[in-house]
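Novice: After the structure tokens below, expect a handful of questions from me.
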Amino acid sequence: MTIDPISQQIYAHYTLGVETDSRKVRPGVIFFGLPGERVNGGDFAEAALAKGAVLAVVDKPSLQGKAGIVVVPDVLRTLAEVANLHRQTLHCPVLGVTGTNGKTTTKELLRAVLASQYRVAATEGNFNNAIGVPLTLLSIPRDTQFAIVEMGANHPQEIAALCEIAEPTHGLITSIGEAHLEGFGSIEGVAHTKGELFAYLKAHNGLGFVRDDDPRVAQEAERVHLGCSASRYSLAAYQLTTQVAAEGTLSFSFSWQRNTFSCHTHLVGTYNAINALAALHVGHYFNVPLAQGCSALEAYAPHLHRSQLLHTRRNQLIVDCYNANPTSMRLAIESFLQIPTSGKRLLILGEMRELGDAAPAAHRAVQAQVAQSPEVEVWYIGSQWEKLSQALYFPSTPECIRHLQLGHYSDGLVLLKGSNSVALDTIIPYL
């Protein structure tokens with residue numbers, strides 16, 4: 001990307017990292033006062049300097065000339081340029097990870113496998129957008145041996161823009177499905193945007209890890225003519241079979257070059273088998289033995305409300321409520337019904353957001369799927385769901401919590417699945 005000389009001058013002061021929240025500033029960092037919908041971070045520039053920031057980068061002309069303050073036209077653009085300058089100092093593989101479903105889980109599994117052999121730095125949480133990717137890059141130590149950068153998108157050309165900042169040498173698309181249709185307009189829009197990662201790799205002599213059992217991922221690799229710049233994997237190629245343990249966790253076995261491997265994970269959901277295989281395949285490409293990779297996956301404990309198994313005093317919870325779209329919702333319900341239990345089952349489903357005009361049909365499809373298992377109790381949360389006589393309906397999560405406060409739910413296997421903004425995680429203490 002084109003770098004402004006001011007960005008180069010700012011990066012010359014980079015030693016201990018950057019910060020965009022003035023409350024978290026520590027001595028030695030560069031503060032970027034990003035403008036927001038309600039507050040302009042530039043208003044806190046002087047407070048950040050008082051806490052020890054070496055520079056404060058803002059877009060407020062009224063602060064021009066004040067010691068330690070750099071005024072730029074676009075703070076976010078400057079942050080991206082500074083991050084790209086830091087990227088030039090990293091002499092290691094940089095793996096970009098995107099996809100509709102599973103990208104954060106896959107990123108964490110990749111980190112676990114590769115960290116068994118290398119010094120790995122990776123996106124924390126889901127810092128995967130125009131702000132998160134630059135912050136991720138600027139957090140990577142220069143002696144890192146492998147970097148993993150998660151990339152999210154909700155509109156066309158966003159992955160392409162993130163690639164210009166992160167300059168991945170390798171890339172992986174976990175899946176392509178229906179999500180953020182409000183911004184993309186169609187599933188084809190989703191596919192082409194995710195495919196921007198493969199297009200960047202093709203143009204810059206990189207390598208893409210192509211999941212052949214997702215037709216849209218494979219089609220994107222073909223569309224950009226990835227060709228010999230691809231390393232392909234699939235459940236079939238590894239002859240992978242899954243099992244669900246008595247406690248509901250995922251185990252799987254696979255074969256490679258006449259050797260058979262078994263892996264017993266702490267993940268919930270058979271749909272996570274492909275995410276685990278992606279981590280093993282990438283690790284194997286970078287000389288992590290498959291047996292070593294399996295050991296790393298077995299030691300990994302899910303967190304961040306993704307595919308988590310939680311035991312409370314009253315219930316067994318499957319917590320998968322960080323995100324939801326039609327594909328992930330369907331897979332989560334299918335997996336939930338496969339978990340053995342002698343007790344009752346409860347689905348607590350939050351609405352799926354950012355689907356645009358496709359939302360009504362998507363929610364009806366989920367309700368039709370659930371109707372195939374009439375023995376399962378269902379609670380729906382959010383205005384997108386149709387009110388059905390055989391299910392409880394709550395307009396919002398706080399109203400569901402009030403229901404639980406009136407009478408505890410006990411001795412059940414419970415799935416919590418919905419978009420993050422529905423805040424299903426706030427229900428957990430009441431279950």
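Novice: Once you have all Cα-Cα distances for region 133-176, histogram them in 5 Å bins from zero and send the whole-percent values.
Specialist: 5, 18, 31, 27, 12, 5, 2
Novice: In degrees between 0 and 90, to the nearest 10, how far off the longest principal axis of the chain does helix 75-87 point, with axes built from Cα atoms?
Specialist: That works out to roughly 90 degrees.
Novice: With only alpha-carbon pairs counted, each pair once and no self-pairs, how large is the Kirkwood hydrodynamic radius of region 146-272 in angstroms?
Specialist: 16.0 Å
Novice: What is the packing order of peptides 412-425, 359-372, taking the mean over residues of other C-beta atoms within 10 Å and listing the highest first?
Specialist: 412-425, 359-372
Novice: Same structure, new question: Compute the convex hull volume of the Cα atoms of region 44-153, divide it by the residue count, and report the result per residue in Å³ as a whole number. Don't skip to the end; give the middle numbers.
Specialist: Numbers: hull volume 13.1 nm³, N = 110.
Dividing the Cα hull volume of region 44-153 by its residue count gives 119 Å³.
Novice: Here's a follow-up. Rank S295, S410 by accessible area, highest first, at a 1.4 Å probe radius?
Specialist: Result of the area sort, largest leading: S295, S410.
Novice: Beyond 35 Å, what share of the Cα-Cα pairs of the chain is found? Please give it as a whole percent. Don't skip to the end; give the middle numbers.
Specialist: Details: 32579 of 92665 pairs.
Pairs farther apart than 35 Å: 35 percent.
Novice: Subtracting the Cα-Cα distance from 0.36 nm times the residue separation, let me have the gained length for L392 to E377 in nm, one decimal.
Specialist: So the extension gain works out to 4.5 nm.
Novice: So what are region 1-106's ellipsoid semi-axes, whole angstrom, largest first, if each one is the square root of 5 times an eigenvalue of the alpha-carbon gyration tensor? Spell out each step's value before the answer.
Specialist: Working: eigenvalues 133, 56, 40 Å².
Values for region 1-106, descending: 26, 17, 14 Å.
Novice: Given the Cα-Cα distance of L406 and K344 and 0.36 nm per residue of separation, how much length would full extension add, in nm?
Specialist: 20.4 nm
Novice: Semi-axes of region 274-320's equivalent ellipsoid from the Cα gyration tensor, sqrt of 5 times each eigenvalue, largest first, rounded to whole Å?
Specialist: 29, 10, 7
Novice: Expressed as an acute angle from 0 to 90° and rounded to the nearest 10, what is the orientation of the C-alpha long axis of helix 359-371 relative to the principal long axis of the chain?
Specialist: 30 degrees
Novice: Next up: In whole Å, how far is the Cα centre of region 38-96 from that of region 213-282?
Specialist: Rounded to whole Å, the Cα centres lie 41 Å apart.
Novice: Also: Under the rule of at least 5 residues apart or a separate chain, name every residue whose amide H is placed under 5 Å from the amide H of G96.
Specialist: Correct list: V149, T169, H170, G171, L172.
Novice: Further, regarding this structure: In Å², what does the accessible area per residue of region 90-135 work out to with a 1.4 Å probe?
Specialist: Computed with neighbouring chains in place, this is 31 Å² per residue.
Novice: Separate question: How about region 1-53: which trypsin sites (Lys or Arg not before Pro) there are in a DSSP loop, with at most 15 other Cβ atoms within 10 Å of their Cβ?
Specialist: Values: sites: R23, K24, R38, K51; in loops: R38, K51.
Here the sparse-neighbourhood loop sites are R38.
Novice: Ok, one more. Of all the accessible heavy-atom surface of the chain, with the other protein chains kept in place and a 1.4 Å probe, what percent is carbon and sulfur?
Specialist: That share works out to 51 percent.
Novice: Would you kindly derive the ³J(HN,Hα) couplings of region 402-416 from the backbone phi angles with the Karplus curve 6.51 cos²θ - 1.76 cosθ + 1.60 (θ = phi - 60°), listing them in order in whole Hz, with x for Gly and Pro?
Specialist: Each residue's phi maps through the Karplus curve to give 4, 4, 5, 5, 6, x, 5, 9, 9, 6, x, 9, 10, 9, 10 Hz.
Novice: Which of the pairs K51/K417; K194/K417; K103/K202; K344/K387; K51/K194; K24/K66 have their Cα atoms more than 32 Å apart in this structure?
Specialist: Among K51/K417; K194/K417; K103/K202; K344/K387; K51/K194; K24/K66, the Cα-Cα distance tops 32 Å for K51/K417; K51/K194.
Novice: Using alpha-carbon pairs under 8 Å, 6+ residues apart, how would you state the relative contact order of region 258-369 in percent?
Specialist: Value for region 258-369: 24 percent.
Novice: Report the one residue of V70, M151, T270 whose Cα lies farthest in the direction of the positive end of the charge dipole of the chain (charges on C-beta: Lys and Arg +1, Asp and Glu -1; origin at the Cα centre).
Specialist: Farthest towards the positive pole: T270.
Novice: Could I ask something else about it? Taking 0.36 nm per residue of separation and subtracting the Cα-Cα distance, what length does fully extending N205 through A301 add?
Specialist: So the chain would gain 31.1 nm between N205 and A301.
Novice: Per 5 Å bin, what is the whole-percent P(r) computed from every C-alpha pair distance within region 329-431?
Specialist: That works out to 2, 12, 25, 26, 20, 11, 2, 1, in percent per bin.
Novice: While we're on this one: Hey, rough spin-label estimate for E399 and Q219, points 7 angstrom out along Cα→Cβ, what's it come to in nanometres?
Specialist: 3.9 nm
Novice: Which sequence of L392, L16 reflects their accessible areas, 1.4 Å probe, from the largest down?
Specialist: Correct descending sequence by accessible area is L16, L392.
Novice: Using a simple charge model, +1 on the beta-carbon of Lys and Arg, -1 on the beta-carbon of Asp and Glu, nothing else, what dipole does region 219-359 show about its Cα centre, in debye to the nearest 20? If you can, show how the numbers build up before the last one.
Specialist: On the way: 10 positive and 9 negative charges, 71 e Å.
Once rounded to the nearest 20, the dipole reads 340 debye.
Novice: Mind putting a number on the dipole of the chain about its Cα centre? Charges go on the C-beta only, +1 for Lys and Arg and -1 for Asp and Glu, and I need it in Debye to the nearest 20.
Specialist: Approximately 740 debye in magnitude.
Novice: Let me ask another. When all C-alpha to C-alpha distances in region 186-229 are sorted into bins of 10 Å, what percent of pairs does each bin hold, rounded to whole numbers?
Specialist: Once binned at 10 Å, the Cα pair distances of region 186-229 give 32, 58, 10.
Novice: May I ask for the angle, rounded to the nearest 10°, between helix 103-114 and the longest principal axis of the chain, with both axes built from Cα atoms and the value confined to 0 to 90°?
Specialist: Orientation of helix 103-114: about 80 degrees from the principal axis.
Novice: Please report, in whole Å³, the volume per residue of the convex hull around the C-alpha atoms of region 243-382.
Specialist: On the way: hull volume 20.0 nm³, N = 140.
In region 243-382, the Cα hull volume divided by residue count equals 143 Å³.
Novice: Return the percentage of antiparallel bridges among DSSP beta bridges fully within the chain, rounded to the nearest 5 %.
Specialist: Antiparallel bridges make up about 25 percent of those DSSP assigns within the chain.
The values are calculated or read from the model by the stated rules, or taken from the named source; none is laboratory data. None of the values given here were measured: they were computed from a predicted structure. Neighbour counts run over all protein chains shown; Cβ positions are idealised from the backbone, glycine included. What goes into the accessible areas is simple: the full protein's heavy atoms, side chains included, and nothing from ligands, DNA or RNA. Shrake-Rupley method; radii C 1.70, N 1.55, O 1.52, S 1.80 Å.
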